[in-house]
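Derivation of every value follows stated rules applied to the coordinates shown; laboratory data play no part. Every value quoted in this text rests on a predicted model; they were computed, and no experiment measured them. In this analysis, Cβ positions are derived from the backbone assuming ideal geometry, glycine residues included, and neighbour counts consider all displayed protein chains.
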Amino acid sequence: LLLQLVERSNTSEWHRYAANLTEKVVLPNMVWRNGDTAATIRLTAIRILDRVMTSVDADCREDIARKLSKALVTLETCLDESDTRIRMLMARVFEALLSCCSSDDNDLLIDELALSKLYPKLLDRLDDSDDEVRVAFASTLGALICRAFPPAESFDRTGQFFSYIVKHSLIHLDDSNEDVSNAIFKFLSDVAFYNPKVFSELVTRARTRHTTPERCDALLKCVENDT
């Protein structure tokens, strides 16, 4: 019934309750429990969350994001669900959450420790068995770095986090599925600004191993254009 409410009714009728709805109803039903019935309940809860996050205005979305930021463990468990539909929805949910973040050190929606634990789990989804999920998480990773990561000089001084992400992503730049390859190219071109030195070094090294070195050349041009 709740899913029908948010899908079929006017957002103005329920948006004022959206943050409390998320905290009190949706998140508790996303907690992993064994069994097919529990899996169906989780799918429904995540569908509601996705609908809510994409329907409400920016202020309401930020209120919901603050609730979600305190329940990252629950959200992260859904990344490994066997149901492809759930993994796909989680890409959208995480992208919406991360897009609410600010890189302002004084107002971090997700703190640095949580980010350092989250990014490998999102990155793992580039190895998903479903190519559409992989494409979706390329966009999610873009929101992670562009919106949620604090500046490199304060959060990633050694370049460790960014280097790990770029190295792993470059493997998929050569993917046989063109949709995946294109999504990874867009993601990498969008995040080149974060640490241009590390980015250039890694792309230059990868160039000799790629079947399409011209894509690496295009990424290097992105760095040149940003500097």
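So here's what we get for this one:
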item: Peptides ranked, highest mean first, by Cβ atoms within 10 Å: ranges 197-206, 132-141; result: 132-141, 197-206
item: Contour minus Cα-Cα distance for residue 32 and residue 73 (0.36 nm per residue); result: 13.7 nm
item: The chain, relative contact order in percent, only Cα pairs under 8 angstrom and at least six apart counted; result: 14 percent
item: Cα centroid separation - the stretch 75-96 against the stretch 163-227, whole Å; result: 25 Å
item: Mean ellipticity per residue at 222 nm, deg cm²/dmol - from DSSP H runs of n ≥ 4 across the chain, formula -39500 (n - 2.57); result: -20500 deg cm²/dmol
item: Radius 12 Å from Cβ of residue 198, net charge of other residues (Lys, Arg +1; Asp, Glu -1); result: +2
item: Lysines with Cα under 23 Å of residue 221, excluding same-chain neighbours fewer than 8 positions away; result: 167, 186, 197
item: Rel. contact order, % - alpha carbon contacts under 8 angstrom, at least six apart, the stretch 10-132; result: 24 percent
item: Inter-label distance for residue 131 and residue 17, nm, one decimal - labels placed 7 Å from Cα along Cα-to-Cβ; result: 4.3 nm
item: Computed E for residue 40/residue 212 - FRET, C-beta separation, R0 41 angstrom, nearest 0.05; result: 0.45
item: Ranked by how many other beta carbons lie within 10 Å on average, peptides 178-187, 44-53 from highest; result: 44-53, 178-187
item: Relative contact order of the stretch 178-227, defined on C-alpha pairs under 8 angstrom at six or more residues apart (%); result: 43 percent
item: Selection from 208, 160, 219, by position along the positive dipole direction of the stretch 130-227 (Cβ); result: 160
item: Unit charges at the beta carbon, dipole of the chain: most positive-side option, 180, 28, 72; result: 28
item: Whether the stretch 40-144 is rounded, prolate or oblate, judged on the alpha carbon gyration tensor where a/c under 1.5 counts as rounded; result: oblate
